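Colleague: Quick one: this structure, given as structure tokens, is what I'll be asking you about.
The values are calculated or read from the model by the stated rules, or taken from the named source; none is laboratory data. Model, not experiment: these values are computed from the prediction. Reconstructed Cβ throughout: ideal geometry from the backbone, glycine too, with neighbour counts over all protein chains shown.
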Amino acid sequence: MPEPVKRTARAVAFEAEALAAIDSLYRTALRLTRDPADAEDLVQDTYLKAFRAADRFEPGTNLRAWLFTILHNTARNRARDRARESVAIDSEAVDRAVEAPPPGLRDAAETPESILLRDTMDPELQAAVDALPEAFREAVWLRDVEEFTYAEIAQMLEIPIGTVMSRISRGRRMLFDALNHVKLQEA
Amino acid sequence: MSNCKKLEPFVTPYVDGELDAARRSEVDAHLCQCPPCDSRVAAERAVRHLIQARKVALERICAPRELRARCSQARSAAVADPHATGTLKRRAALARWRLPLRSFALAATLVLIVGGAFVHELTDGSSRVMCAELVVDHLKCFGIINPVIGTNDRPEVVEGSIASLGWHPRLPERPEQAGLSLLGARLCLYGKGRVAHIMYLHNGHPMSVFMLPKTAKPEEVLDVMGHEAAIWSAGGRTFVLITREPRREVEQTVSYVQAALR
């Protein structure tokens, strides 16, 4: 029978703070795996790894970002192990892609912002986010919802910082087009 | 306009307020005289603000309570066993052992090769041909078909699920004693609905036990398509155990199953 482990105050605080992120981690896991059972496994594995590596975490740095990095790492490894057919995004090709300019303002009195805020229903927004290609969806979510820095996101997704910014840009504009397209259809 | 191209890398940090004052003024200056870029920046900003405004709705989904409890336990598991690669007990661990698609590609190739052999009764030909067919079934079922069953099903429940076999296979009652967890049973793809395919995980590795009625075959262990296939007969039935595990594991498990069904 192993001896009961004495837990320092710091260890207790670390665990509590780590577990506080579980909802955010689960939401991201769900987006990455598209399956609740897989998402739970992914989150559980993430915590197991995190607690095993607890002494490698530098106090004072962003614990949430650290956990998200482990989660994304684990998800990538699993996807590789399963030899899934996933479409890999070629970052440079994405950046080179020719884009159509966004629609200009139709009514000078309204801003795109006011139109979207007024007219977009929550389920519509959620659906539009879910419909984005994974690379862009992750970048936008990690920035605008989870509020990580570009550097943190770069580490999580294992891409250069410039790519993080261009994916956020592209993702946001794709969302804008998607949401406006719906409005134009409804009009 | 070449300036618009130059603006590209700065749009997102501009919208996010991450640019220093000097750079921000440059961008402002460009936007004043470039309506298309101005629209584009406005669109990006609008989406960012919309997402931030609706964060509560977007964060509606929460982790299930049981997951939270299991993750709390993860800390104790990590402390107790810091270097193990084992994982905690999971719900329906179906995806973990799903074989990579390349195994199925191999199986598909072999289906083409041994296609002609499917015509005869499964046990009429050589044991090796029979085992090749069963290995293909093993690979197909673990690799592709996602059995909608949980882990650790009770044997009597599983036996009920293959009632159309026309005969009654007995399964070992306490498979966990030998490190086996029963996933379920199905009718073997070959053998014309008469052969039972019992699917197990043995210490986490896929293992199939096929049961064929009214036959007898000499006892042997063959190496077929990268798998071990152990054949034996008892009580008028032939059993074939198929796995990728080493022979030692195979022999131990065979002994267990033989004893359990005596």
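Colleague: Determine whether the stretch B:42-50 contains at least one residue that is modelled with pLDDT of 90 or more, over 14 Å from A:Glu40 (Cα atoms), touching a helix residue (DSSP H, G or I) at 6+ places or on another chain (Cβ under 8 Å) and more than 7 Å from chain A (Cβ to nearest Cβ).
Modeller: no
Colleague: If you check A:His72, A:His181, which single one turns out to be over 20 Å from A:Leu25 (Cα atoms) and either at pLDDT 95 or above or assigned to a helix (DSSP H, G or I) (or both)?
Modeller: Going through A:His72, A:His181 in turn, the sole match is A:His181.
Matching residues to (1) in contact with a Phe, Trp or Tyr (Cβ under 8 Å, 6 or more places away or on another chain); (2) aromatic (Phe, Trp, Tyr); (3) without any contact (Cβ under 8 Å) to a residue 40 or more places away in the chain:
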| residue | (1), (2), (3) |
| --- | --- |
| B:Val209 | yes, no, no |
| B:Leu212 | yes, no, no |
| B:Val224 | no, no, no |
| B:Trp232 | yes, yes, yes |
| B:Phe239 | yes, yes, yes |
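Colleague: Go through the stretch A:137-178 and count every residue that is aromatic (Phe, Trp, Tyr) and at pLDDT below 95.
Modeller: Total satisfying the criteria: 1.
Colleague: Something else about it: Look through the stretch A:150-182, keep the residues that are among the small types (Gly, Ala, Ser) and buried (at least 19 other Cβ atoms within 10 Å of the Cβ), and return whichever of them is nearest to B:Ala57 (Cα to Cα).
Modeller: If we take residues in the stretch A:150-182 being among the small types (Gly, Ala, Ser) and buried (at least 19 other Cβ atoms within 10 Å of the Cβ), then A:Gly171 is nearest to B:Ala57 (Cα to Cα).
Colleague: Grab the helices (runs of 4 or more DSSP H) fully contained in the stretch B:1-76, keeping just those with 3 or more residues being within 47 Å of the chain's Cα centre (by Cα).
Modeller: Correct list: B:2-15, B:35-53, B:55-58.
Colleague: Kindly provide the set of residues from the stretch B:184-214 that are over 16 Å from the mean Cα position of the chain (by Cα) and assigned to a strand (DSSP E or B), ordered by number.
Modeller: Scanning the stretch B:184-214 gives B:Ala185, B:Arg186, B:Leu187, B:Ala196, B:His197, B:Ile198, B:Val209, B:Phe210, B:Met211, B:Leu212, B:Pro213.
Colleague: Got a number for residues in the stretch B:1-11 being more than 8 Å from chain A (Cβ to nearest Cβ) and not polar (S, T, N, Q)?
Modeller: Qualifying residue count for the region: 6.
Colleague: Something else: Which number in (1) at pLDDT below 90; (2) under 16 Å from B:Cys141 (Cβ atoms) marks the one condition that B:Ile242 misses?
Modeller: Of (1) at pLDDT below 90; (2) under 16 Å from B:Cys141 (Cβ atoms), only one is false for B:Ile242: (1).
Colleague: Could you list, in sequence order, all residues of the stretch A:131-149 that are at the interface with another protein chain (Cβ under 8 Å from one of its Cβ atoms) and surrounded by fewer than 21 Cβ atoms within 10 Å (Cβ to Cβ)?
Modeller: The one that is at the interface with another protein chain (Cβ under 8 Å from one of its Cβ atoms) and surrounded by fewer than 21 Cβ atoms within 10 Å (Cβ to Cβ): A:Val145.
Colleague: May I pose another question? For the list (1) within 12 Å of chain B (Cβ to nearest Cβ); (2) over 14 Å from the mean Cα position of the chain (by Cα); (3) more than 17 Å from B:Pro64 (Cβ to Cβ), I need the number of the one condition that A:Ala13 fails.
Modeller: Failed condition: (1).
Colleague: On to the next question. Test each condition in (1) under 16 Å from A:Gln155 (Cα atoms); (2) facing chain B (nearest Cβ under 10 Å); (3) polar (S, T, N, Q) for A:Thr33 and report the one that comes out false.
Modeller: Only one criterion in (1) under 16 Å from A:Gln155 (Cα atoms); (2) facing chain B (nearest Cβ under 10 Å); (3) polar (S, T, N, Q) is unmet by A:Thr33, namely (1).
Colleague: Is there any pair with a first residue in the stretch A:34-62 that is closer than 19 Å to A:Glu134 by Cβ and a second that is among the aromatic types (Phe, Trp, Tyr) whose Cβ atoms are under 8 Å apart and which are 6 or more apart or on different chains, and what are they?
Modeller: Close Cβ pairs (under 8 Å, with a partner that is among the aromatic types (Phe, Trp, Tyr)) amount to A:Ala39/A:Tyr26; A:Val43/A:Tyr26.
Colleague: Under 6 Å between Cβ atoms, which residue pairs at least 6 apart in sequence (or on different chains) link something in the stretch B:127-141 that is over 13 Å from B:Val221 (Cα atoms) with a partner that is surrounded by 23 or more Cβ atoms within 10 Å (Cβ to Cβ) and polar (S, T, N, Q)?
Modeller: B:His138/B:Ser208
Colleague: Of the residues that sit in the stretch B:12-39 and are under 24 Å from A:Phe148 (Cβ atoms) and at the interface with chain A (Cβ under 7 Å from one of its Cβ atoms), which one is surrounded by the most Cβ atoms within 10 Å (Cβ to Cβ)?
Modeller: Among those that are under 24 Å from A:Phe148 (Cβ atoms) and at the interface with chain A (Cβ under 7 Å from one of its Cβ atoms), it is B:Thr12.
Colleague: Six or more apart or on different chains, Cβ atoms under 6 Å: show the pairs whose first residue is in the stretch A:122-143 and more than 15 Å from B:Arg54 (Cβ to Cβ) and of a type in the set (Gly, Ala, Ser) and whose second is surrounded by fewer than 21 Cβ atoms within 10 Å (Cβ to Cβ) and at pLDDT below 90.
Modeller: Cβ pairs passing all conditions: A:Ala135/A:Ile89.
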